[in-house]
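Just below is one structure, and these are the notes that go with it.
The values are calculated or read from the model by the stated rules, or taken from the named source; none is laboratory data. These numbers come from a predicted model, not from an experiment. When we count neighbours, we look across all protein chains shown, and the Cβ atoms used for this are built from the backbone with ideal geometry, even at glycine.
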Amino acid sequence: MSGLEDIKAAARTAAFARRKAAHAAAGGAGAAHLSEILAGYRGVALAGYLPIRTEIDPLPAMEEAAAHGPVGVPVIRAAGQPLVFSRWEPGAALVPGPFGAHVPAEEVLVEPEILIVPLVAFDARGGRLGYGGGFYDRTLQGLRARRAVLAIGFAYDAQEAEALPLEETDQPLDMIVTESRILSF
């Protein structure tokens, strides 16, 4: 590992611990502010995620949005590739996908204009530390090359870090939504 990779790994370890504690304390709550934001974009194609491990749960907000327009969830095709998004609806049949996430059993691709992005840590400037695979960075770069895309990081307050070891390839977020606040950049 390089020096920056070591620093990122240490930052992820600390952030995972903070997220785990916040997740245990939250008891499943937290999507009210996300629903509030998405209500202003009714009918716009968006992509969320099906939460794994201790990720904050966007499903209540995604369920509301699905009543008004297409909602997708990420599908990993291969390492080093951008994500694609398959249409999701409440109650849709799911099958196991890579990295422990489930994906819709029937794949119908959606190109989102809004992405709800999971993360390990964020900073007050819209920086995001992910899992290290670069999937969302490649995806956002590709989508932003074609059109304006709103990238909303969704996290617990406890996932905020004073500073993150970011690289030029790390795509910034336009907004961070937590269980208690909305930050716009």
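Per-residue answers, yes or no, for (1) crowded, with 17+ Cβ neighbours inside 10 Å; (2) in a helix (DSSP H, G or I); (3) at pLDDT 95 or above:
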site: Ala124; (1), (2), (3): no, no, no
site: Tyr131; (1), (2), (3): no, no, no
site: Leu143; (1), (2), (3): yes, yes, yes
site: Leu173; (1), (2), (3): yes, no, yes
Out of the residues in the range 146-169 that are surrounded by 19 or more Cβ atoms within 10 Å (Cβ to Cβ) and free of Cβ contacts under 8 Å to residues at least 60 places away in the same chain, state the one that is farthest from Met62 (Cα to Cα). Val149
What about Gly48, is it free of Cβ contacts under 8 Å to residues at least 60 places away in the same chain and under 21 Å from Leu173 (Cβ atoms)? no
Is it the case, given these coordinates, that Ala158 is out of contact with any strand residue (DSSP E or B) (no Cβ under 7 Å at 6 or more places or on another chain), more than 23 Å from Tyr41 (Cβ to Cβ), hydrophobic (A, V, I, L, M, F, W, C) and not in a strand (DSSP E or B)? yes
Among residues of the range 78-127, those that are β-branched (Val, Ile, Thr) and within 23 Å of Ala67 (Cβ to Cβ), counted: 6
